[in-house]
1. Whole angstrom only: what separates the Cα centroid of the range B:1-39 from the Cα centroid of the range A:51-111?
2. With equal scatterers on the alpha carbons only and no solvent term, can you work out the Debye log10 of I(q)/I(0) for the protein assembly as shown at 0.09 1/Å?
3. To test your reading of the geometry: what angle, between 0 and 90 degrees and rounded to tens, separates the Cα axis of helix A:107-119 from the longest principal axis of chain A?
4. Would you please give the FRET efficiency between B:Arg31 and A:Asp16, computed as 1/(1 + (r/R0)^6) with r the Cβ-Cβ distance and R0 = 35 Å, to the nearest 0.05?
5. What is the extension gain from A:Lys60 to A:Asn120, computed as 0.36 nm multiplied by their sequence separation minus the C-alpha to C-alpha distance, in nm to one decimal?
6. For label points placed 7 Å from Cα toward Cβ, what is the shortest-first list of nm distances from B:Ala75 to its copies?
7. Please report, for A:Val95, the nm distances (one decimal) from its label point, 7 Å out from Cα along the beta-carbon direction, to the equivalent points in the remaining copies, shortest first.
8. One decimal, nm, shortest first: give the distances between the label point of A:Glu22 and those of the same position in the other copies, each label point 7 Å from Cα along Cα→Cβ.
2 protein chains.
Amino acid sequence: MTKAIILFAHGARDPDWARPFEHLRDEVAARTPGVRVVVAFLEFMQPPLADAIDALIADKVCEIDIVPAFMAQGAHLKRDLPRLLEAARAKHPDVRLVLRPALGEAPGVIAAMARHIAENRA
Amino acid sequence: MTKAIILFAHGARDPDWARPFEHLRDEVAARTPGVRVVVAFLEFMQPPLADAIDALIADKVCEIDIVPAFMAQGAHLKRDLPRLLEAARAKHPDVRLVLRPALGEAPGVIAAMARHIAENRA
C-alpha cells in the first residue's frame with residue numbers, strides 16, 4: 001500500500017517562496033523511505049492541492065497525509081483547506097486523506113524555532 | 001543597554017492565529033533572560049510593527065532584533081518589511097534594528113519540522 005505526504009503551503013508570486021518547502025520536502029523524504037513526499041499550494045504556485053492529490057492517486061497511492069506548512073491556523077486552514085479536502089474525498093472515496101495540524105503549532109517545532117532565535121541574536 | 005526581539009508575523013482576522021506566536025514568544029523569552037520579547041503583525045492584528053518598535057524604544061530599548069515568523073520569503077518580507085524598517089530607522093536613528101532571516105528558512109527549523117512530520121504519520 002503506497003503512502004504519501006503532501007506539504008501544503010500558501011504559495012506566492014515570488015518563485016523564491018517555494019524553496020524552503022522544497023528543502024523541507026527533501027528532508028522529510030530522507031526520513032520516510034518508501035513514502036512519496038510532494039509540495040502543493042493553496043494559490044499562485046503549482047500544483048494546487050487537488051492536482052497533487054489526483055496525481056498521487058493516479059500513481060496508486062491510497063493513503064495521503066496532508067501537512068499544512070503554515071505558521072498558524074487562520075481562514076486558509078479552517079475554511080479553504082477543509083473545502084478542498086471535502087471535494088477530494090468525494091472524488092476519491094477509497095483513498096484515506098488524513099489532515100494534520102499546522103506545522104507552526106507543533107510544540108517541538110515551536111521549541112526548535114525558539115532555540116534558533118535564542119542562538120542567533122545580534 | 002536593553003535589548004529586545006520582535007517576532008514579526010503576518011496576522012489574520014481569526015484571533016486563534018496569534019496563539020502559536022504567543023507560545024513562541026514565551027519560549028524565546030524563557031531562553032533569553034533580560035531580553036524583551038514581543039509579537040507584532042503586518043496586518044489585521046495588534047500591534048503593527050511600527051507601534052511595537054515605538055513602544056520598546058519608549059521603554060529605553062536601544063537594540064531590536066526583528067525575526068520574521070514566516071515560513072518563507074515572498075513580497076511581504078522582500079518589499080513590505082524593508083519599507084517598514086526603513087521608516088522605523090528614519091524615525092529612530094539611534095536604535096539598532098537588525099533584520100533576521102525568515103524562521104521557516106533556517107536549516108535547524110526545517111530539520112525540526114521534518115522530524116516532526118516523520119514522527120507523526122498516519
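1. Each part's Cα centre sits 27 Å from the other's.
2. Ignoring solvent entirely, the Cα scatterers give -0.40.
3. Helix A:107-119 sits at roughly 30 degrees to that axis.
4. Numbers: r = 29 Å, r/R0 = 0.84.
E(calc), rounded to 0.05, equals 0.75.
5. Numbers: separation 60, 0.36 × 60 = 21.60 nm, distance 4.41 nm.
Stretched fully, the A:Lys60-A:Asn120 segment lengthens by 17.2 nm.
6. Sorted ascending, the copy-to-copy spacings read 1.7 nm.
7. Shortest to longest, the spacings are 5.0 nm.
8. 3.8
Read-outs: derived from the displayed coordinates by stated rules, not from any lab. Not measured: the values here are computed from a predicted model. Cβ sites come from the backbone with ideal geometry, for glycine too, and all protein chains shown count toward neighbours.
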